[in-house]
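The values are calculated or read from the model by the stated rules, or taken from the named source; none is laboratory data. The model shown is predicted, which means the values in this text are computed figures rather than measured ones. Note that each Cβ is placed from the backbone with ideal geometry, even for glycine, and that neighbours are counted across all protein chains shown.
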Amino acid sequence: MDGNSPLLSAALFDFDGTLIDTTELIHQSMRHAAREVLGREDFSRETLLANVGQPLPRQMELLIGDDNADGDRLAREMLESYRVHNEANHDSLIREFPNVAGSLARLKDAGFGIAVVTSKRRFSVDMALATYPELGEVIDHFVAMEDTMEHKPHPAPLLKGLELLGNVPTERAAYVGDAPFDVAAAKAARVTSVAVRWGAFTEDTLRTAEPDHLVPDLDAAVDVLLALKDDGAKPD
């Protein structure tokens, strides 16, 4: 972008690992499902979290592998086991990142439209909002797994978010997430990509995805978005 580029007016955000700290909840639920359904306790934390950001059914398929003749059945059983554990332990394992509502309020005050674009089910989003209701007060729209046929890293969920915000052009939007799949989705949708390091993935993994911006936390991501709005260009 150069100085004549359109100013940003829309901010899209991933949910898990970006606005709420669910990394341990996801890890424990994946470990439980692998133990209960596959009888395996040898998966590393990195392996269990490797595909966070994609819909849960796809995560189960990838963990089991395409060469398993019972893969479809096992994936369904793992999904059910995961969800039972996740819902039972949701409130005790979910954590709050610092100053998320305040950071998003800075964007609202600057005139941004804000939408969450997540691979979570809407039921799971609502559970999180019941725990942290202040987030619902600063977010205009939510795009959940049920809202699109295609899912990240496909651009469809991000484009749905921009539609809900008033058909914002892609060049006036950014997507903030904590996973390589978020960066890939942003690139596919042709919006600015911002990766935050406080989620489930290492800095090296995120750098490999080549986001436009890599920042430590949400407040730093908001600084980037506000700079882009003010300048109409990507800062160095």
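Taking segment 79-107 as the range and being charged (D, E, K, R) and buried (at least 16 other Cβ atoms within 10 Å of the Cβ) as the test, the residues that pass are Arg83, Arg106. Filter segment 14-73 for residues that are charged (D, E, K, R), closer than 21 Å to Ala156 by Cβ and modelled with pLDDT under 95; which is farthest from the chain's Cα centre (by Cα)? Here the answer is Glu61.
Of all the listed residues (Asp67, Asp72), the sole one being in the same structural domain as Leu38 (by TED's automatic domain parsing) and part of a loop (DSSP other than H, G, I, E, B) is Asp67.
Selection over segment 115-124 of residues that are surrounded by fewer than 20 Cβ atoms within 10 Å (Cβ to Cβ) and either over 27 Å from Arg172 (Cβ atoms) or hydrophobic (A, V, I, L, M, F, W, C) (or both) gives a count of 2. Taking segment 169-228 on its own, how many of its residues are of a type in the set (Asp, Glu), within 14 Å of the chain's Cα centre (by Cα) and closer than 17 Å to Asn51 by Cα? Number satisfying all stated conditions: 2.
Rundown of residues vs (1) farther than 26 Å from Glu24 by Cβ; (2) touching a strand residue (DSSP E or B) at 6+ places or on another chain (Cβ under 8 Å), yes/no style:
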{"residue": "Met145", "(1), (2)": "no, no"}
{"residue": "His151", "(1), (2)": "no, yes"}
{"residue": "Asn167", "(1), (2)": "yes, no"}
{"residue": "Thr170", "(1), (2)": "yes, no"}
{"residue": "Val196", "(1), (2)": "no, yes"}
{"residue": "Asp204", "(1), (2)": "no, no"}
{"residue": "Leu225", "(1), (2)": "yes, yes"}
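Taken over segment 74-90, the residue count meeting the criterion of being within 21 Å of the chain's Cα centre (by Cα) and farther than 19 Å from Lys152 by Cα is 7. For Tyr82, the conditions (1) hydroxyl-bearing (Ser, Thr, Tyr); (2) touching a Lys or Arg at 6+ places or on another chain (Cβ under 9 Å); (3) farther than 30 Å from Leu226 by Cα all hold with the exception of (2).
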